[in-house]
Amino acid sequence: VAKSRGGNEVVVFTAEMETREQVRVAVEMNLLTAIRDGSLTIAYQPIVDLRTRAMVGVEALVRWHHPTLGPVAPELFVGVAEATNLAGELGDWVLAEAVRQFAAWRSELPPGALAGFAISVNISPVQLIAIDFVSTVAGVLERNGLSGDELILEVTEHAVVSDDAAALKTLHGLRELGVAIAIDDFGTGYSSLAQLKRFPVNTLKIDRGFVHDLGRNPDDFSIVRSIVKLAESFELDLIAEGVESEEAAATLVELGCRVAQGYLFSRPMTADALGTTLRGQNPGRYSRAQ
Ligand code: C2E
Ligand code: MG
Ligand code: MG
Ligand code: MG
(Lines give C-alpha, C1' and ligand atoms only; values in the text may rest on other atoms or scores of the structure.)
(Ligands and ions follow the chains in the order given, each with its own letter.)
Protein backbone atom coordinates (compact mmCIF):
# COMPACT_ATOMS: atom_id res chain seq x y z
CA VAL A 1 0.00 0.00 0.00
CA ALA A 2 2.49 2.55 1.15
CA LYS A 3 5.51 2.86 -1.09
CA SER A 4 8.62 4.61 0.09
CA ARG A 5 10.26 6.86 -2.42
CA GLY A 6 13.80 8.07 -1.93
CA GLY A 7 13.65 7.50 1.80
CA ASN A 8 10.75 9.87 2.25
CA GLU A 9 7.52 8.26 3.20
CA VAL A 10 5.26 9.10 0.36
CA VAL A 11 2.08 7.18 0.08
CA VAL A 12 1.08 6.69 -3.50
CA PHE A 13 -2.56 6.47 -4.36
CA THR A 14 -2.97 3.71 -6.88
CA ALA A 15 -5.84 2.11 -8.68
CA GLU A 16 -5.22 -1.05 -6.65
CA MET A 17 -5.77 0.89 -3.47
CA GLU A 18 -9.37 -0.01 -3.56
CA THR A 19 -10.47 -1.04 -0.17
CA ARG A 20 -11.56 1.44 2.40
CA GLU A 21 -9.01 -0.01 4.77
CA GLN A 22 -6.16 0.72 2.34
CA VAL A 23 -7.32 4.28 1.87
CA ARG A 24 -7.67 4.67 5.60
CA VAL A 25 -4.10 3.53 6.19
CA ALA A 26 -2.79 5.91 3.53
CA VAL A 27 -4.71 8.79 5.04
CA GLU A 28 -3.52 7.97 8.52
CA MET A 29 0.11 7.87 7.41
CA ASN A 30 -0.12 11.29 5.81
CA LEU A 31 -2.45 13.23 8.04
CA LEU A 32 -0.10 14.19 10.83
CA THR A 33 2.39 15.57 8.30
CA ALA A 34 -0.41 17.47 6.59
CA ILE A 35 -1.54 19.05 9.83
CA ARG A 36 2.00 20.16 10.60
CA ASP A 37 3.29 21.20 7.18
CA GLY A 38 0.47 23.54 6.30
CA SER A 39 -1.21 21.51 3.56
CA LEU A 40 -4.62 21.74 5.18
CA THR A 41 -6.79 24.70 4.34
CA ILE A 42 -10.22 25.86 5.38
CA ALA A 43 -13.17 26.62 3.12
CA TYR A 44 -15.80 29.01 4.45
CA GLN A 45 -19.49 28.71 3.67
CA PRO A 46 -21.73 31.74 4.23
CA ILE A 47 -24.65 31.44 6.63
CA VAL A 48 -27.39 33.88 5.68
CA ASP A 49 -30.51 35.55 7.00
CA LEU A 50 -33.20 34.04 4.77
CA ARG A 51 -35.21 37.23 4.49
CA THR A 52 -32.44 39.73 3.75
CA ARG A 53 -29.95 37.21 2.31
CA ALA A 54 -27.26 39.07 4.26
CA MET A 55 -24.41 36.99 5.59
CA VAL A 56 -24.66 36.53 9.34
CA GLY A 57 -21.82 34.08 9.75
CA VAL A 58 -19.67 31.45 8.13
CA GLU A 59 -18.97 27.78 8.75
CA ALA A 60 -15.34 26.68 8.63
CA LEU A 61 -14.91 23.42 6.68
CA VAL A 62 -11.50 21.79 6.62
CA ARG A 63 -9.95 20.83 3.27
CA TRP A 64 -6.98 18.65 2.43
CA HIS A 65 -5.45 18.47 -0.99
CA HIS A 66 -2.79 15.79 -0.94
CA PRO A 67 -0.12 15.92 -3.70
CA THR A 68 -0.78 12.33 -4.77
CA LEU A 69 -4.01 11.35 -3.03
CA GLY A 70 -5.68 14.46 -4.43
CA PRO A 71 -8.50 16.06 -2.49
CA VAL A 72 -9.38 13.90 0.49
CA ALA A 73 -12.99 14.10 1.70
CA PRO A 74 -13.25 15.71 5.14
CA GLU A 75 -15.65 13.03 6.30
CA LEU A 76 -12.93 10.47 5.53
CA PHE A 77 -9.95 12.13 7.16
CA VAL A 78 -11.86 13.57 10.10
CA GLY A 79 -13.09 10.02 10.68
CA VAL A 80 -9.54 8.70 10.49
CA ALA A 81 -8.36 11.42 12.88
CA GLU A 82 -11.07 10.41 15.33
CA ALA A 83 -10.20 6.72 15.06
CA THR A 84 -6.50 7.43 15.70
CA ASN A 85 -5.27 10.04 18.12
CA LEU A 86 -5.13 12.95 15.73
CA ALA A 87 -8.54 14.52 16.31
CA GLY A 88 -7.25 16.84 19.01
CA GLU A 89 -4.39 18.16 16.92
CA LEU A 90 -6.54 18.51 13.79
CA GLY A 91 -9.33 20.19 15.72
CA ASP A 92 -7.02 22.61 17.51
CA TRP A 93 -5.51 23.62 14.19
CA VAL A 94 -8.90 24.27 12.55
CA LEU A 95 -10.13 26.27 15.54
CA ALA A 96 -7.02 28.44 15.75
CA GLU A 97 -6.88 29.04 11.99
CA ALA A 98 -10.59 29.82 11.60
CA VAL A 99 -10.58 32.30 14.47
CA ARG A 100 -7.37 33.89 13.19
CA GLN A 101 -8.97 34.28 9.75
CA PHE A 102 -12.11 35.80 11.22
CA ALA A 103 -10.00 38.38 13.08
CA ALA A 104 -8.07 39.08 9.85
CA TRP A 105 -11.29 39.78 7.89
CA ARG A 106 -12.47 42.06 10.63
CA SER A 107 -9.25 44.04 10.59
CA GLU A 108 -9.71 44.63 6.84
CA LEU A 109 -13.29 45.85 7.21
CA PRO A 110 -14.64 49.06 8.71
CA PRO A 111 -15.42 48.96 12.42
CA GLY A 112 -18.77 47.32 13.10
CA ALA A 113 -19.02 45.65 9.67
CA LEU A 114 -19.05 42.22 11.30
CA ALA A 115 -21.33 43.10 14.21
CA GLY A 116 -23.51 40.13 15.10
CA PHE A 117 -21.45 37.89 12.86
CA ALA A 118 -20.33 34.47 14.14
CA ILE A 119 -17.87 31.87 12.98
CA SER A 120 -18.95 28.22 13.25
CA VAL A 121 -16.32 25.54 13.78
CA ASN A 122 -16.96 21.78 13.80
CA ILE A 123 -15.47 19.91 16.71
CA SER A 124 -14.91 16.24 17.45
CA PRO A 125 -16.16 14.53 20.62
CA VAL A 126 -12.53 13.95 21.60
CA GLN A 127 -12.09 17.70 21.88
CA LEU A 128 -15.21 18.02 23.98
CA ILE A 129 -13.89 15.68 26.64
CA ALA A 130 -10.31 16.99 26.60
CA ILE A 131 -9.48 18.39 30.00
CA ASP A 132 -8.00 21.63 28.64
CA PHE A 133 -10.47 22.38 25.85
CA VAL A 134 -12.16 25.33 27.55
CA SER A 135 -8.82 27.02 28.17
CA THR A 136 -7.73 26.25 24.58
CA VAL A 137 -10.85 28.02 23.28
CA ALA A 138 -10.43 30.91 25.72
CA GLY A 139 -6.80 31.32 24.63
CA VAL A 140 -7.62 31.31 20.92
CA LEU A 141 -10.37 33.89 21.40
CA GLU A 142 -8.19 36.13 23.53
CA ARG A 143 -5.16 36.01 21.23
CA ASN A 144 -7.36 37.11 18.32
CA GLY A 145 -9.52 39.64 20.14
CA LEU A 146 -12.81 37.79 19.65
CA SER A 147 -15.55 37.54 22.23
CA GLY A 148 -17.17 34.20 23.01
CA ASP A 149 -20.47 35.12 21.38
CA GLU A 150 -18.71 35.37 18.02
CA LEU A 151 -17.96 31.63 18.07
CA ILE A 152 -20.29 28.66 17.52
CA LEU A 153 -18.94 25.16 18.07
CA GLU A 154 -20.78 22.42 16.19
CA VAL A 155 -20.92 18.88 17.49
CA THR A 156 -22.49 16.36 15.17
CA GLU A 157 -25.41 14.45 16.51
CA HIS A 158 -23.67 11.21 15.60
CA ALA A 159 -20.77 12.04 17.87
CA VAL A 160 -20.33 9.34 20.43
CA VAL A 161 -19.39 11.05 23.63
CA SER A 162 -17.61 8.51 25.78
CA ASP A 163 -17.66 10.59 28.93
CA ASP A 164 -20.83 12.56 29.58
CA ALA A 165 -19.56 14.13 32.78
CA ALA A 166 -16.44 15.50 31.11
CA ALA A 167 -18.45 16.76 28.13
CA LEU A 168 -20.93 18.50 30.42
CA LYS A 169 -18.15 20.22 32.30
CA THR A 170 -16.70 21.47 29.02
CA LEU A 171 -20.09 22.64 27.75
CA HIS A 172 -20.73 24.63 30.92
CA GLY A 173 -17.25 26.15 30.70
CA LEU A 174 -17.86 27.15 27.08
CA ARG A 175 -21.20 28.65 28.07
CA GLU A 176 -19.41 30.81 30.65
CA LEU A 177 -17.20 32.08 27.83
CA GLY A 178 -20.35 32.95 25.89
CA VAL A 179 -19.55 30.41 23.17
CA ALA A 180 -22.62 28.82 21.56
CA ILE A 181 -22.96 25.08 21.06
CA ALA A 182 -24.82 23.76 18.03
CA ILE A 183 -26.01 20.21 17.42
CA ASP A 184 -25.04 19.49 13.83
CA ASP A 185 -27.07 17.23 11.52
CA PHE A 186 -29.95 17.47 13.95
CA GLY A 187 -32.70 14.93 13.46
CA THR A 188 -30.59 12.13 12.03
CA GLY A 189 -29.41 10.48 15.24
CA TYR A 190 -31.14 7.84 17.27
CA SER A 191 -31.60 10.14 20.22
CA SER A 192 -32.15 13.67 18.99
CA LEU A 193 -34.43 14.50 21.88
CA ALA A 194 -32.30 12.78 24.48
CA GLN A 195 -29.36 14.95 23.33
CA LEU A 196 -31.35 18.06 24.18
CA LYS A 197 -32.02 16.71 27.64
CA ARG A 198 -28.43 15.65 28.26
CA PHE A 199 -26.54 18.67 27.03
CA PRO A 200 -26.93 22.43 27.29
CA VAL A 201 -27.06 23.58 23.68
CA ASN A 202 -27.93 26.87 21.99
CA THR A 203 -28.51 25.99 18.37
CA LEU A 204 -29.90 23.20 16.21
CA LYS A 205 -28.63 22.73 12.70
CA ILE A 206 -31.33 21.01 10.66
CA ASP A 207 -29.73 18.21 8.68
CA ARG A 208 -29.60 18.83 4.96
CA GLY A 209 -31.35 15.54 4.32
CA PHE A 210 -34.59 17.17 5.49
CA VAL A 211 -33.98 20.42 3.65
CA HIS A 212 -32.89 19.77 0.08
CA ASP A 213 -36.30 18.51 -1.00
CA LEU A 214 -38.31 20.76 1.29
CA GLY A 215 -41.35 22.25 -0.40
CA ARG A 216 -41.89 19.09 -2.46
CA ASN A 217 -41.70 16.34 0.11
CA PRO A 218 -44.54 16.39 2.68
CA ASP A 219 -42.61 14.23 5.16
CA ASP A 220 -39.72 16.68 5.15
CA PHE A 221 -42.20 19.50 5.66
CA SER A 222 -43.64 17.78 8.76
CA ILE A 223 -40.20 16.97 10.15
CA VAL A 224 -38.87 20.51 9.71
CA ARG A 225 -42.05 21.94 11.17
CA SER A 226 -41.54 19.74 14.24
CA ILE A 227 -37.91 20.79 14.61
CA VAL A 228 -38.93 24.47 14.43
CA LYS A 229 -41.51 23.90 17.18
CA LEU A 230 -38.94 22.05 19.24
CA ALA A 231 -36.47 24.91 18.86
CA GLU A 232 -39.17 27.37 19.93
CA SER A 233 -40.06 25.45 23.07
CA PHE A 234 -36.43 24.95 24.06
CA GLU A 235 -35.58 28.55 23.08
CA LEU A 236 -32.88 27.44 20.67
CA ASP A 237 -31.53 29.13 17.57
CA LEU A 238 -31.98 27.32 14.26
CA ILE A 239 -29.81 27.02 11.18
CA ALA A 240 -30.99 25.00 8.18
CA GLU A 241 -28.33 23.27 6.12
CA GLY A 242 -28.34 22.26 2.47
CA VAL A 243 -30.69 24.86 1.00
CA GLU A 244 -30.45 24.29 -2.74
CA SER A 245 -33.68 25.83 -4.07
CA GLU A 246 -35.81 28.95 -3.68
CA GLU A 247 -38.67 26.60 -2.85
CA ALA A 248 -36.81 25.21 0.16
CA ALA A 249 -35.80 28.73 1.26
CA ALA A 250 -39.39 30.00 1.04
CA THR A 251 -40.72 26.98 2.93
CA LEU A 252 -38.19 27.53 5.72
CA VAL A 253 -39.31 31.15 6.09
CA GLU A 254 -42.93 30.02 6.11
CA LEU A 255 -42.16 27.53 8.89
CA GLY A 256 -40.29 30.11 10.96
CA CYS A 257 -36.65 29.22 10.32
CA ARG A 258 -34.75 32.39 9.53
CA VAL A 259 -31.12 31.36 9.13
CA ALA A 260 -29.62 28.94 6.61
CA GLN A 261 -26.71 27.86 4.48
CA GLY A 262 -26.60 25.99 1.21
CA TYR A 263 -25.55 25.98 -2.41
CA LEU A 264 -28.47 28.31 -3.28
CA PHE A 265 -26.61 31.10 -1.49
CA SER A 266 -23.04 29.98 -1.79
CA ARG A 267 -20.76 26.98 -1.89
CA PRO A 268 -17.91 26.88 0.61
CA MET A 269 -15.18 29.21 -0.67
CA THR A 270 -11.57 30.12 -0.04
CA ALA A 271 -10.71 32.62 2.66
CA ASP A 272 -9.68 35.14 -0.01
CA ALA A 273 -12.95 34.81 -1.92
CA LEU A 274 -14.95 35.13 1.27
CA GLY A 275 -13.02 38.28 2.19
CA THR A 276 -13.87 39.77 -1.20
CA THR A 277 -17.55 38.90 -0.68
CA LEU A 278 -17.54 40.54 2.75
CA ARG A 279 -16.06 43.72 1.33
CA GLY A 280 -18.69 43.65 -1.41
CA GLN A 281 -21.43 43.29 1.19
CA ASN A 282 -20.22 46.46 2.94
CA PRO A 283 -19.21 48.62 -0.02
CA GLY A 284 -20.30 52.00 1.31
CA ARG A 285 -19.01 51.38 4.76
CA TYR A 286 -15.81 50.00 3.34
CA SER A 287 -15.06 52.99 1.13
CA ARG A 288 -15.94 55.45 3.91
CA ALA A 289 -13.29 53.81 6.02
CA GLN A 290 -10.57 54.25 3.41
P1 C2E B 1 -21.26 19.53 8.23
O2 C2E B 1 -20.60 20.14 9.41
O3 C2E B 1 -22.69 19.16 8.36
O4 C2E B 1 -21.02 20.56 7.05
C5 C2E B 1 -21.92 20.80 6.01
C6 C2E B 1 -21.55 20.00 4.78
O7 C2E B 1 -22.58 20.17 3.81
C8 C2E B 1 -20.27 20.48 4.10
O9 C2E B 1 -19.63 19.36 3.50
C10 C2E B 1 -20.81 21.41 3.02
O11 C2E B 1 -19.92 21.60 1.95
C12 C2E B 1 -22.05 20.68 2.60
N13 C2E B 1 -23.07 21.54 2.02
C14 C2E B 1 -23.33 22.84 2.28
N15 C2E B 1 -24.38 23.30 1.57
C16 C2E B 1 -24.82 22.24 0.85
C17 C2E B 1 -25.91 22.08 -0.09
O18 C2E B 1 -26.68 22.98 -0.39
N19 C2E B 1 -26.04 20.85 -0.63
C20 C2E B 1 -25.21 19.80 -0.32
N21 C2E B 1 -25.41 18.64 -0.91
N22 C2E B 1 -24.19 19.93 0.57
C23 C2E B 1 -24.01 21.13 1.13
P24 C2E B 1 -18.08 19.06 3.69
O25 C2E B 1 -17.30 20.34 3.65
O26 C2E B 1 -17.72 17.99 2.72
O27 C2E B 1 -17.97 18.50 5.16
C28 C2E B 1 -18.54 17.27 5.49
C29 C2E B 1 -18.51 17.04 6.98
O30 C2E B 1 -17.18 16.87 7.44
C31 C2E B 1 -19.08 18.20 7.79
O32 C2E B 1 -20.48 18.19 7.78
C33 C2E B 1 -18.48 17.90 9.15
O34 C2E B 1 -19.24 16.90 9.82
C35 C2E B 1 -17.12 17.32 8.77
N36 C2E B 1 -16.12 18.39 8.90
C37 C2E B 1 -15.74 19.32 8.00
N38 C2E B 1 -14.78 20.12 8.51
C39 C2E B 1 -14.56 19.69 9.77
C40 C2E B 1 -13.67 20.09 10.84
O41 C2E B 1 -12.90 21.05 10.73
N42 C2E B 1 -13.73 19.35 12.01
C43 C2E B 1 -14.60 18.31 12.16
N44 C2E B 1 -14.59 17.67 13.35
N45 C2E B 1 -15.43 17.91 11.20
C46 C2E B 1 -15.42 18.59 10.03
MG1 MG C 1 -21.10 21.56 10.68
MG1 MG D 1 -24.39 19.30 9.15
MG1 MG E 1 -22.62 16.51 8.19
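Placing +1 on the Cβ of every Lys and Arg and -1 on the Cβ of every Asp and Glu, with no other charges, gives segment 44-127 a dipole of roughly 320 debye about its Cα centre. Placing +1 on the Cβ of every Lys and Arg and -1 on the Cβ of every Asp and Glu, with no other charges, gives the chain a dipole of roughly 720 debye about its Cα centre.
The distance from the alpha carbon centre of segment 225-272 to that of segment 17-80 is 23 Å, rounded to a whole number. Look at the Cα gyration tensor of segment 22-66: its axes a ≥ b ≥ c give a/c of at least 1.5 with a/b over b/c, and that counts as prolate. Going by a ≥ b ≥ c, the root eigenvalues of the Cα gyration tensor, does the chain fall in the rounded group (a/c under 1.5), the prolate group (a/b larger than b/c) or the oblate group? In terms of gyration-tensor shape, rounded.
Relative contact order, whole percent, for segment 42-125 stands at 32, derived from Cα pairs under 8 Å and 6 or more residues apart.
The relative contact order of the chain, computed from alpha carbon pairs under 8 Å that lie at least 6 residues apart in sequence, is 17 percent. Taking Met29, Met269, Met55 as the candidate residues, the one with maximal mean-square fluctuation in a Gaussian network model of the chain, Cα springs under 10 Å, is Met29. Once the 1.4 Å probe is applied to the protein heavy atoms, the chain comes out at 49 Å² accessible per residue. In percent, rounded to a whole number, the relative contact order of segment 181-228 is 38, using alpha-carbon pairs under 8 Å and six or more apart.
Calculated mean residue ellipticity at 222 nm for the chain: -14000 deg cm²/dmol, from DSSP H runs with n ≥ 4 weighted as -39500 (n - 2.57), summed, divided by the residue count and rounded to 500.
Once a ≥ b ≥ c are taken as the square roots of the eigenvalues of the Cα gyration tensor of segment 161-290, is the result rounded (a/c under 1.5), prolate (a/b larger than b/c) or oblate (a/b not larger than b/c)? Note, shape of segment 161-290 comes out oblate.
Ranked by solvent-accessible area (1.4 Å probe, protein heavy atoms only, all chains present), the residues Tyr44, Tyr190 order from largest to smallest as Tyr190, Tyr44. What FRET efficiency would be calculated for the residue pair Asn217, Asn85, taking the C-beta separation as r and a Förster radius of 41 Å, to the nearest 0.05? It comes to 0.50.
The values are calculated or read from the model by the stated rules, or taken from the named source; none is laboratory data. Since we're looking at a predicted model, the values are computed, not measured. Heads up, the Cβs are rebuilt from the backbone with ideal geometry, glycines too, and the neighbour counts pull from every protein chain shown. In case anyone asks, the SASA skips ligands and DNA or RNA and just uses the protein heavy atoms, side chains included. Shrake-Rupley method; radii C 1.70, N 1.55, O 1.52, S 1.80 Å.
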